[in-house]
Ligand SMILES: Nc1ncnc2c1ncn2[C@@H]1O[C@H](COP(=O)(O)OP(=O)(O)OP(=O)(O)O)[C@@H](O)[C@H]1O
């Protein structure tokens, strides 16, 4: 995956991201870490094209993140599963495939079943989100993100609302997706997962990319801010 962040700033009522200028090429699983409020979610939303930066330009795999071509080929998994509550896990997927990808009901059913099975939800697919565990619902939302056959999947703290056992379950499921040959950009506080799954790490501090490098930066932080962060989350 090729990431080009060109002088990105972003403000809500105050400035959140401050002139991020950053290029990366050749990595497939990029973790974004940092303390709460450092701008991780904002950055991943901008990279996925969900929101536009106040100034600057983002290109990923040589496509502007504003372009329809880019948006059609990215999936996003939110902190909470964001499934439609009145639809079964399976229908949450088939609806999107039918409405946004022009799939026939039969094709959509086949794709949904395939990804739900990959995420070990074959016995849960006809249930409503409220009738499955938080981890199962989150795995269904990962299946939904995969179902559109994205090149890149963005995950914003996919286990934020889960207890340690469900967190483990969801992170194991994500690890198993590595063989699909997709790229991943994810925000997480679970450093053991970063060490196992990421091939590159971005550490955000105060709205900037403060330190970045291979996962080994976690063991040998160069800045006091990353060192302090590591001491806190250990
Ligand atoms: N929609 C919004 N409107 C106004 N301010 C926002 C909005 N979204 C985020 N912020 C503010 O922007 C700053 C960065 O938020 P962001 O969610 O990107 O940080 P984060 O590092 O992902 O934090 P967390 O780990 O708590 O999710 C915070 O101060 C937050 O309050």
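Assorted remarks:
- Residue 31, sole failed condition from (1) near the ligand (Cβ under 9 Å from one of its atoms); (2) in contact with a strand residue (DSSP E or B) (Cβ under 6 Å, 6 or more places away or on another chain): (1)
- Cβ pairs under 6 Å, 6+ apart, first in segment 22-51 and at positive phi, second more than 13 Å from the ligand (Cβ to nearest atom) and assigned to a loop (DSSP other than H, G, I, E, B): 49/65
- Residue in segment 168-180 that is away from the ligand (no atom under 15 Å from the Cβ), at negative phi, assigned to a strand (DSSP E or B) and touching a helix residue (DSSP H, G or I) at 6+ places or on another chain (Cβ under 8 Å) present: no
- Only a single item in (1) out of contact with any helix residue (DSSP H, G or I) (no Cβ under 6 Å at 6 or more places or on another chain); (2) away from the ligand (no atom under 12 Å from the Cβ) is not met by residue 89, and it is number (1).
- Scanning segment 60-70 for any residue that is within 16 Å of the ligand (Cβ to nearest atom) and out of contact with any helix residue (DSSP H, G or I) (no Cβ under 6 Å at 6 or more places or on another chain) turns up nothing.
- Only one of 84, 76 that is in contact with a helix residue (DSSP H, G or I) (Cβ under 7 Å, 6 or more places away or on another chain) and either assigned to a helix (DSSP H, G or I) or closer than 29 Å to residue 192 by Cβ (or both): 76
- A search for C-beta distances below 6 Å between a residue of segment 169-196 that is more than 20 Å from residue 46 (Cα to Cα) and any residue that is within 16 Å of the ligand (Cβ to nearest atom) and in a strand (DSSP E or B), counting only pairs 6+ apart in sequence or on different chains, returns 194/31.
- Of the criteria (1) farther than 19 Å from residue 148 by Cα; (2) out of contact with any strand residue (DSSP E or B) (no Cβ under 9 Å at 6 or more places or on another chain), which one residue 81 fails: (1)
- Meets criteria (buried (at least 16 other Cβ atoms within 10 Å of the Cβ), within 16 Å of the ligand (Cβ to nearest atom), over 23 Å from residue 7 (Cα atoms) and at pLDDT 95 or above) for residue 194: yes
- Per-region count, segment 197-206, residues under 24 Å from residue 159 (Cβ atoms) and either within 16 Å of the ligand (Cβ to nearest atom) or over 20 Å from the mean Cα position of the chain (by Cα) (or both): 5
- Qualifying residue in segment 36-57 (condition: assigned to a strand (DSSP E or B), crowded, with 21+ Cβ neighbours inside 10 Å and within 16 Å of the ligand (Cβ to nearest atom)): no
- Failed criterion for residue 225 (all others in (1) over 28 Å from residue 12 (Cβ atoms); (2) part of a helix (DSSP H, G or I) hold): (1)
The values are calculated or read from the model by the stated rules, or taken from the named source; none is laboratory data. Model, not experiment: these values are computed from the prediction. We place every Cβ from the backbone using ideal geometry, glycine too, and count neighbours over all the protein chains shown.
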